[in-house]
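First comes the structure, then the notes that go with it.
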Amino acid sequence: MKILLFLSISLIYSCSRLTYLTKQAPEQIKLMVAGENNEDLLKSDHVSEDIKRKLKLIKDSKAYFEKVLGVDTGATYEKTILLDRDAVSYLGIRSKINKIKSIKECFPLFGCFPYLGFFDKSEAKLFLSEQPDDISTHLRPVYAYSSLGKYSDRVLSPFFRYSDKKLAELIFHELFHHVFFIKNEVTVNENLATFFARLMVKDFFKNSTDKHEVGEKEKLEISKLRAKKRILLVEMIKSLNKDKEFRNVKTRLASNAYIKKRVEELNKNIKDECISTALKNCLFIPGQWSAARLSEYSTYQSKQKFFETIYNERFNNLKSFFDYLFLNYKKFKNSSEKKSFIDYLKSR
């Protein structure tokens, strides 16, 4: 669930960056202008009933989002593009092997982002394979994106791979980017979109009668465990960035081995709780984490506790919280302060 970079070609770019932009441009244009009307697809005999049901779910999710926040997202998600690939795009994420912080990729007009996006998976793999040994890399498929309200986003066929709840959460997340975006603060944008989407999906499905769902007590236990896992992983990331031994690793292999050991230690803190709940794939898989992957995780999760605390202490609904953020961001943009938006909120 990422913000896709716009492809604005500028003379200030090097030849390599200009080549990157021109390669991505044709597919970007397709995502902007192509698509079949959803209403036509709902009437078509060539579209499966499951896809039709999910198109209706997307429509209902959008209507719910607009009602809760009191916003209008225009013609977003009223057309669908059937892609010839599993993902919309692929992100190349980089960080230093001894620091959990993504290397930024900057573009004119739209600012800096902690990744570089590719529509061709092989190009993304090539880009990452060319990185030196002091750079950690992570490849991540993207199944949805937001144009930040610059045009009417399309429903894309990778959406249909999600379960109903994950699909609704995806729509809420991407629509939030449509109505609220802070330039050059991707971590804040992603954490806010994730926070709002999580709360919305709980309320949107509160009357769900899915017979496969666990009981209320088990739901609460799973929710608490997931929150604990997020907090533990964020704390581990913070401790790694202060760890002198980790800061002195010299190779990608040594960095991965050090992180693997730390993840194994983290698993010891949640093992018993994982066994006692119905949460599937509960433990972290040690060998799958690297400095770059932890950097990406930090982009989405590191500020959740901050926003959760503000919301719980000062607001009783998402609309009032959204209005508070919207008003303060207008003030923030008009101020001469150089601090981040989160630091600005802390001072209010």
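Read-outs: derived from the displayed coordinates by stated rules, not from any lab. Note that the coordinates shown come from a computational prediction; the quantities given were computed from them, not determined experimentally. Methodologically, a virtual Cβ is constructed for each residue, glycine included, from the backbone with ideal geometry; neighbour enumeration extends over all protein chains shown.
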Treating the beta-carbon of each Lys and Arg as +1 and of each Asp and Glu as -1, no other charges, what is the dipole magnitude of the chain about its Cα centre, to the nearest 20 debye? 1200 debye
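Based only on other Cβ atoms within 10 Å, what is the fewest-to-most ordering of 274, 282?
274, 282
Which entries in 268/303; 166/202; 99/242; 150/333 show an alpha-carbon gap greater than 21 Å?
Pairs exceeding the cut-off: 268/303.
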Express as a percent, rounded to the nearest 5, the fraction of DSSP beta bridges in the chain (both residues included) that run antiparallel. 80 percent
Gain upon complete extension [residue 184, residue 36; 0.36 nm per residue less C-alpha separation]: 50.0 nm
Given an 8 Å cut-off on Cα distances and at least 6 residues of separation, report the relative contact order of the chain as a percent. 21 percent
In the chain, taking the dipole from +1 charges on Lys and Arg beta carbons and -1 charges on Asp and Glu beta carbons about the Cα centre, the listed residue (178, 57, 234) farthest towards the positive end is 234
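Over 26 Å between Cα atoms: which of 54/330; 96/331; 250/339; 125/280; 56/121; 217/305 fall into that group?
Over 26 Å apart, Cα to Cα: 54/330; 96/331; 250/339; 125/280; 56/121.
With contacts defined as alpha carbon pairs under 8 Å and 6 or more residues apart, what's the relative contact order of region 2-182 in percent? Numbers along the way, then the final one.
On the way: 252 pairs, mean separation 52.8, N = 181.
About 29 percent, as a whole number.
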Mean separation of Cα pairs under 8 Å and 6+ residues apart, divided by the residue count of region 239-348: what relative contact order is that in percent? 18 percent
